[in-house]
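**Student:** Below you will find the structure I want to go over with you.
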Amino acid sequence: MANIVAIVGRPNVGKSTFFNRLIEKKKAIMDNEPGVTRDRHYGYAEWIGKYFTVIDTGGYVVGSDDIFESAIREQVVEALEEASVILFMVDCGEGVTPWDRDFANVVRSVNKPVLLVANKADNTERIFAANEFYELGLGEHMFPISSNSGSGTGELLDEVVKHFEEDGDEDPGKDIPRIAILGRPNVGKSSFLNMLVGKDRAIVTNVAGTTRDAIDTRYTLFNKDFILTDTAGIRKKAKVKEDIEFFSVLRSIQALQDSDVSIVMIDATLGLEAQDMSIINLAHKYKKGIMIMVNKWDLVEKDEKTADKFTKAMIEKLGDMAYVPIIFTSVVTKKRIFQAIELAMEIHENRIKKVPTSKLNDIMLKEIEKFPPPSVKSKIINIKYITQLPTKTPSFAFFCSNPQYIKESYQRYLINKLRGHFGFTGSPITLFFRQK
């Protein structure tokens, strides 16, 4: 998509608020604390029939106390390089600052259209005060706006779309499979994403909670397109003390809900813990494709039986979710990271697989004949016909007599037979029993 608009500026000028307004979603976390946004954040917007990508960025500063300062600057520079139009946002309430002047020098060095956006122009006094930003030397026009109320954004967007060479496409990623990378903090989610795309798409440190927003990245492997979503680490509610982390967790859960496949990454040195099970249970509840990626396998002392023991212990904990495949990886040594993505794509294919009704009945009715459902209260249950329902996830209707007496144990038998014959690796299967 050629039309790319980057929103840049120093911290706390309202970039994320404006980003959310343009994409009409509360996708980026907003807070009065400077430095909330760290990674580049992408969304899609439209104005008068023109479609474009919007990039939200972290605040560009030099000489601050933020330990992520240099990494954020690198992310901002990446956004400047990608953009076709740059929105340099400043704060009317605070006026011109040394950081604005320093960053203006950086922006002027980029040979691209730059629009000066004076945010927080919430009253007439501030609109007049915004004129001082002309000293930054960023063109003849300055646009006073309010990200909160939307005032002035129409005039700004009218100017933005004049710089587009084409109309663009409406959300080019809407029909592409989405894979969410989930897990507790510091298990290697962002490192995994960066290793796959071959550059620092997400900031990585040893500090738990480095990733805050859910970060989407379009990726192609083996001629297949999909969107990878890196998410913030999910911890127990009792351990979440700050509002920012609370909203980070909400964004991670939303990413899970929006995904087709959830890669639940765990730390091999810690094993499958209660919080990992909570994430897997949530993915199962929302009927997502699921896989477990055991990362940091290089740190485990092992022999030829270690992986089997590890797998057996996890399967026992998974119980009814033992259909979830497990892969052992090391992002640091690049061990099996591409096989992990292959497995995720296989799970997606299984999740949308449709079995012909004739084949389904030929195979499953024979299995039912070998082991019919047990009678309950002298009620005989005869299953006559099976069909797969036209749902997004594998769902099957069994037409039978006395469907209310089908036991859970027999439902598990049917699910196991469906998996044995038709696969459905990593995807929950739902059964419905109807009166025939």
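The values are calculated or read from the model by the stated rules, or taken from the named source; none is laboratory data. Just so you know, these numbers come straight off a predicted model, no measurement behind them. Virtual Cβ from ideal backbone geometry, glycine too; neighbours counted across all protein chains shown. Just the protein is used for accessible areas: all its heavy atoms, side chains included, with ligands, DNA and RNA removed. Shrake-Rupley method; radii C 1.70, N 1.55, O 1.52, S 1.80 Å.
**Student:** Let me know the charge dipole size of the stretch 282-436 about its Cα centre in debye, to the nearest 20, where only the beta-carbon of Lys, Arg (+1) and Asp, Glu (-1) is charged.
**Tutor:** For this selection, approximately 580 debye.
**Student:** Distances over 18 Å make up what percent of all Cα-Cα pairs in the stretch 48-183? Please list the in-between numbers first.
**Tutor:** Values: 5747 of 9180 pairs.
Above the 18 Å cut-off, the stretch 48-183 has 63 percent of its Cα pairs.
**Student:** Can you give the charge dipole size of the chain about its Cα centre, rounded to the nearest 20 debye, using +1 on the beta carbon of Lys and Arg and -1 on the beta carbon of Asp and Glu? Don't jump to the answer; show the numbers that get you there.
**Tutor:** On the way: 59 positive and 59 negative charges, 684 e Å.
With only Lys, Arg, Asp and Glu charged at Cβ, the dipole is about 3280 debye.
**Student:** What residue among 294, 352, 263 has its Cα farthest toward the positive end of the dipole of the stretch 258-406, where the charges are +1 on Lys, Arg and -1 on Asp, Glu, each on the Cβ?
**Tutor:** Comparing the listed Cα positions along the dipole, 352 ranks first.
**Student:** Follow-up. Please work out the average accessible area per residue across the chain, using the 1.4 Å probe convention, and give it in Å².
**Tutor:** Numbers: 20690 Å² over 436 residues.
Accessible area per residue, the chain: 47 Å².
**Student:** Express as a percent, rounded to the nearest 5, the fraction of DSSP beta bridges in the chain (both residues included) that run antiparallel.
**Tutor:** Percent antiparallel among DSSP bridges in the chain is about 35.
**Student:** How big is D for the chain, in µm² s⁻¹ as a whole number, if Stokes-Einstein is applied with the Kirkwood radius of its Cα pairs at 25 °C and 0.890 mPa s? Provide the component values of the computation, followed by the final result.
**Tutor:** On the way: Rh = 24.3 Å.
Translational diffusion coefficient: 101 µm²/s.
**Student:** First select every other residue whose beta carbon is under 12 angstrom from the beta carbon of residue 115; then total the charges, Lys and Arg +1, Asp and Glu -1.
**Tutor:** Values: positive: 112, 162; negative: 140, 155, 158, 159.
Computed value for this residue: -2.
**Student:** Using θ = phi - 60° and the Karplus relation 6.51 cos²θ - 1.76 cosθ + 1.60, list the HN-Hα couplings for the stretch 413-418 in order, rounded to whole Hz, with x at every Gly or Pro.
**Tutor:** 4, 5, 4, 4, 5, 4
**Student:** In addition: As an exercise, take the mean of 1/r over every pair of distinct alpha carbons in the stretch 241-338, invert it, and state the Kirkwood radius in angstroms.
**Tutor:** 14.5
**Student:** Using the Karplus curve 6.51 cos²θ - 1.76 cosθ + 1.60 with θ = phi - 60°, work out ³J(HN,Hα) for each residue of the stretch 318-327 in order, rounded to whole Hz, and write x for Gly and Pro.
**Tutor:** These are the phi-based 3J(HN,Hα) values: 6, x, 5, 9, 5, 6, 6, x, 10, 10 Hz.
**Student:** Do any trypsin sites (Lys or Arg not before Pro) in the stretch 284-386 lie in a DSSP loop with no more than 16 other beta carbon atoms within 10 Å, and if so, which? Write down the numbers at each step before the final one.
**Tutor:** On the way: sites: 285, 287, 288, 296, 302, 305, 309, 312, 317, 334, 335, 336, 351, 353, 354, 359, 366, 370, 377, 379, 384; in loops: 287, 288, 296, 302, 305, 334, 336, 353, 354, 377.
For trypsin sites (Lys or Arg not before Pro) across the stretch 284-386 that sit outside H, G, I, E and B with at most 16 neighbouring Cβ atoms in 10 Å, the list reads 302, 305, 334, 353, 354, 377.
**Student:** Relative contact order, percent, of the stretch 67-204 when contacts are C-alpha pairs under 8 Å separated by at least 6 residues?
**Tutor:** Over the stretch 67-204, the number comes to 19 percent.
**Student:** Given a Förster distance of 41 Å, report the FRET efficiency between residue 269 and residue 141 from their Cβ-Cβ distance, rounded to the nearest 0.05. All intermediate terms of the calculation are to be shown ahead of the outcome.
**Tutor:** Details: r = 56 Å, r/R0 = 1.37.
It comes to 0.15.
**Student:** A further question follows. Once phi is turned into ³J(HN,Hα) by the Karplus curve 6.51 cos²θ - 1.76 cosθ + 1.60 with θ = phi - 60°, what whole-Hz value does each residue of the stretch 120-134 show in order, with x for glycine and proline?
**Tutor:** 6, 7, 8, 8, 4, 4, 5, 4, 5, 5, 5, 4, 5, 6, 4
**Student:** Given H placed 1.01 Å from N in the peptide plane, which residues other than close sequence neighbours of residue 145 have an amide H under 5 Å from its amide H?
**Tutor:** Correct list: 118, 119, 120, 121.
**Student:** In angstroms, what radius of gyration and Dmax does the stretch 299-436 have, counting Cα atoms only?
**Tutor:** 18.6, 61
**Student:** Still on this structure, I have one more. Taking the Cα centre of the stretch 77-178 as origin, sum charge times position over the Cβ atoms of Lys and Arg (+1) and Asp and Glu (-1), and report the length of that vector in debye to the nearest 20. Write out the running numbers ahead of the final one.
**Tutor:** Numbers: 8 positive and 22 negative charges, 62 e Å.
With only Lys, Arg, Asp and Glu charged at Cβ, the dipole is about 300 debye.
**Student:** Please report the carbon-and-sulfur percent of the accessible area for the chain; probe 1.4 Å, protein heavy atoms only, DNA, RNA and ligands left out.
**Tutor:** Numbers: 10150 of 20690 Å².
Using a 1.4 Å probe with all protein chains present, the chain comes out at 49 percent carbon and sulfur.
**Student:** I've got another one for you. For the stretch 395-427, which trypsin sites (Lys or Arg not before Pro) pass both filters: DSSP loop (anything but H, G, I, E, B) and at most 15 other C-beta atoms within 10 Å?
**Tutor:** Details: sites: 407, 412, 417, 419; in loops: 407.
Qualifying residues, ordered by number: 407.
**Student:** What is the calculated FRET efficiency for residue 342 to residue 155, with r their C-beta to C-beta distance and R₀ = 45 Å, to the nearest 0.05? Walk me through the numbers before you get to the answer.
**Tutor:** On the way: r = 49 Å, r/R0 = 1.08.
Efficiency at R0 = 45 Å is approximately 0.40.
**Student:** Which length gain, in nm to one decimal place, applies between residue 223 and residue 309 when the Cα-Cα distance is subtracted from 0.36 nm times their residue separation? Let's see the in-between values first.
**Tutor:** On the way: separation 86, 0.36 × 86 = 30.96 nm, distance 3.55 nm.
Gain on extension, residue 223 to residue 309, equals 27.4 nm.
**Student:** Once you've got the Cα coordinates, tell me which of 50/162; 25/162; 288/370; 354/407 are over 21 Å apart. Please report the intermediate quantities before stating the final value.
**Tutor:** On the way: 50/162 10 Å; 25/162 24 Å; 288/370 32 Å; 354/407 26 Å.
25/162; 288/370; 354/407, as the Cα separations exceed 21 Å there.
**Student:** Calculate log10 I(q)/I(0) of the stretch 386-436 for q = 0.16, 0.18 Å⁻¹, where I(q) comes from the Debye formula with a single equal point scatterer on each Cα and nothing for solvent.
**Tutor:** Those come out to -0.45, -0.57, one per q.
**Student:** Considering amide H positions built from the backbone, and no H for Pro or chain starts, which residues 5 or more places from residue 266, or on another chain, come under 5 Å of its amide H?
**Tutor:** The list, which skips near neighbours in sequence, is 293, 294, 295.
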